[in-house]
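Every read-out reported here was derived from the displayed coordinates using simple, explicitly stated rules and does not represent laboratory data. Quick caveat: nothing in here was measured; it's all calculated off a predicted structure. Virtual Cβ from ideal backbone geometry, glycine too; neighbours counted across all protein chains shown.
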Amino acid sequence: MNYKYFIFAAIAVMLMSIVRWNRQDLIIGKYVGADDKNLGQKLGYDVEMSLDSYNYVQYVNYYNGEDVGKEVTKPYSYRILVPMIASMLPFESFTSLNIINLSSEILTVLFLMYIFGAMGFSDKVQLAGGLLFAVSFPVFYYGVVGLLDAPAILIITAGIYFIIKDKNNWLMFILVLGAMTNEKTILIIPFMFAYIYKDKSLKKAIYQSFLYFLLFISISLVTRNLSVYFDSNFI
């Protein structure tokens with residue numbers, strides 16, 4: 001891969017992220033005002049904020065030692081990894097979440113270009129793929145507004161790359177991270193099944209996919225027991 005092209009695509013991601021950074025919604029504010037400004041103001045921000053973002057910011061606050069009462073609810077309380085990491089950054093909670101989101105988007109571009117390279121596409125096609133991702137809806141709209149979509153997309157993209165390259169140890173690691181980040185990362189499993197079935201055999205596809213599915217579910221259940229939990233009954 002031509003890393004100059006990767007840097008170019010990464011810059012494109014950052015430029016797209018400026019508009020919605022920390023829900024400032026520069027220029028486009030009047031077109032995306034569908035969330036609740038009261039939620040943002042409750043956390044000390046003069047911006048609109050979705051209920052999802054509110055929960056995640058409060059989760060970071062929880063790991064920072066604040067008493068957030070019953071503000072973090074299911075299923076947000078199960079997604080422990082990103083809020084925990086965000087609480088370790090030397091910034092306020094909302095910004096810390098979005099720094100992780102922006103970093104995830106940049107790394108997603110890297111893995112996406114790796115995937116194109118593994119499939120035999122030229123450097124210019126890899127760049128085109130990276131730029132298309134940079135201007136895509138998930139990056140522009142959901143990327144840096146306090147959600148966990150960007151880390152989930154990174155984990156899915158990295159998982160696909162490790163499947164294609166047959167790097168099973170890395171794949172197990174990324175699945176563990178996925179189970180601790182967002183349950184939608186289980187989408188790696190269907191891709192694994194289809195890829196192994198196409199490349200090897202149905203028997204191997206079923207066997208390997210089932211083992212990784214058990215790993216994902218097991219880590220998910222352990223994570224839920226370790227998470228901040230305000231309801232009386234588990235699951």
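Specify which residue in the list 196, 44, 97 is farthest towards the positive end of the charge dipole of the stretch 3-226, using unit charges on the beta carbon of Lys, Arg (+1) and Asp, Glu (-1), about the Cα centre.
Checking the options against the dipole of the stretch 3-226, the answer is 196.
Could you list, in their original order, any pairs among 124/200; 165/198; 167/204 whose Cα atoms are separated by more than 21 Å? Intermediate results must be reported in sequence, preceding the final value.
Details: 124/200 30 Å; 165/198 14 Å; 167/204 16 Å.
Among 124/200; 165/198; 167/204, the Cα-Cα distance tops 21 Å for 124/200.
Residue-wise, which Karplus ³J(HN,Hα) couplings in Hz belong to the stretch 194-206, taking 6.51 cos²θ - 1.76 cosθ + 1.60, θ = phi - 60°, and x for glycine or proline?
Each residue of the stretch 194-206 in turn: 5, 5, 5, 4, 5, 8, 10, 7, 5, 4, 5, 5, 5 Hz.
Would you calculate, for the chain, the mean residue ellipticity at 222 nm contributed by helices, counting each DSSP H stretch of 4 or more residues as -39,500 (n - 2.57) and dividing by all residues, to the nearest 500? The partial results should precede the final answer.
Numbers: 11 runs with 152 residues, N = 235.
It lands at -21000 deg cm²/dmol.
Under a cut-off of 27 Å between alpha-carbon atoms, report the lysines in cross-link reach of residue 70, not counting same-chain residues fewer than 8 places apart.
Residue 70 reaches 37, 42, 184.
For a quick check, take a GNM of the chain with Cα springs below 10 Å and name the residue from 172, 16, 119 with the largest mean-square fluctuation.
119
Between residue 221 and residue 194, what FRET efficiency follows from the Cβ-Cβ distance if R0 is 25 Å, with the result rounded to 0.05? Let's see the in-between values first.
Values: r = 26 Å, r/R0 = 1.03.
After rounding, the FRET efficiency stands at 0.45.
Hey, what do the phi angles of the stretch 10-23 turn into as Karplus ³J(HN,Hα) couplings, whole Hz, using 6.51/-1.76/1.60 and θ = phi - 60°, x for Gly and Pro?
5, 5, 4, 4, 5, 5, 5, 7, 4, 4, 10, 4, 6, 6
Would you order 73, 157, 223 from fewest to most other beta-carbon atoms within 10 Å of each residue's own beta-carbon?
Final ranking by Cβ density, sparse to dense: 73, 223, 157.
Would you look at the GNM of the chain, springs on alpha carbons closer than 10 Å, and say which of 152, 134, 118 moves the most?
118
Once you've got the GNM for the chain with C-alpha springs shorter than 10 Å, pick whichever of 31, 62, 195 has the biggest mean-square fluctuation.
Between 31, 62, 195, it is 31 that shows the largest mean-square fluctuation.
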